[in-house]
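Below: one structure, written as structure tokens.
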Amino acid sequence: MIREAIKWLKWFRMSAEEGDADVQSKLGVMYYKGDRVPQDYKEAASWFRISAEQGNVVAQRKLGLMYYIGEGVIEDYITAYAWISVAKANGDLVAVKSLDLVRKYMSKDQIAEGQKLAREIFKQTEANRKD
């Protein structure tokens, strides 16, 4: 059974490394929760970023929330706001509430910076999409 789990994880990781954004996002969740792998917030953030940059909305929101909380990355409300805004723009309904949460702790200038960064990230993720 352990041998099968190791084999499964090897293939799963290979798929993520080959660029499957959905698998990359799921691998991020696994590292975030410590599900079948050791819990590692930095590794989770890394996989979420790779997936988010390809347009995966779940990874975009989760990466934004990691910036909001400061798990695996340095706490940064502007970057959090930007990534969650991109997820919202891509149709993630959960991002609406997440964005409201982050906005409560930001000044108007920080929100403006977050909006500017979101536009830049959105353009880049659109260029990176593989679908």
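Structure notes:
- Checked against (1) of a type in the set (Asp, Glu); (2) open to solvent by 50 Å² or more (accessible area, probe 1.4 Å); (3) more than 12 Å from residue 53 (Cα to Cα); (4) at pLDDT 95 or above, residue 131 passes all but a single condition, namely (4).
- Restricting the first member to segment 93-111 and to residues that are touching a residue at least 24 places away in the same chain (Cβ under 8 Å), and the second to residues that are buried (at least 16 other Cβ atoms within 10 Å of the Cβ) and β-branched (Val, Ile, Thr), the beta-carbon pairs closer than 7 Å and six or more apart or on different chains are 95/84; 98/84; 102/84; 110/78.
- Top-ranked residue of segment 104-114 - restricted to ones that are outside any loop (DSSP other than H, G, I, E, B) and open to solvent by 80 Å² or more (accessible area, probe 1.4 Å), ranked as nearest to residue 53 (Cα to Cα): 113
- Residues in segment 73-88 that are surrounded by fewer than 21 Cβ atoms within 10 Å (Cβ to Cβ) and under 12 Å from the mean Cα position of the chain (by Cα): 73 only.
- Filtering 107, 85, 46 for residues that are within 20 Å of residue 15 (Cα to Cα) and modelled with pLDDT of 95 or more leaves a single hit, 46.
- Residue pairs whose Cβ atoms lie under 6 Å apart, separated by 6 or more positions or on different chains, with the first residue in segment 13-35 and without any contact (Cβ under 8 Å) to a residue 60 or more places away in the chain and the second open to solvent by 70 Å² or more (accessible area, probe 1.4 Å), are 30/36.
- Checking each residue in segment 89-103 for being surrounded by fewer than 16 Cβ atoms within 10 Å (Cβ to Cβ) and in a loop (DSSP other than H, G, I, E, B) picks out 91, 93.
- Test: residue in segment 25-39 that is surrounded by fewer than 17 Cβ atoms within 10 Å (Cβ to Cβ), outside any helix (DSSP H, G or I) and in contact with a Gly (Cβ under 9 Å, 6 or more places away or on another chain): no
The values are calculated or read from the model by the stated rules, or taken from the named source; none is laboratory data. Everything numeric here is computed off the predicted structure, so don't read it as measured data. As a convention, Cβ positions derive from the backbone with ideal geometry for all residues, glycine included, and neighbour counts pool all protein chains shown. Areas reflect the complete protein model, heavy atoms only, side chains present, ligands, DNA and RNA absent. Shrake-Rupley method; radii C 1.70, N 1.55, O 1.52, S 1.80 Å.
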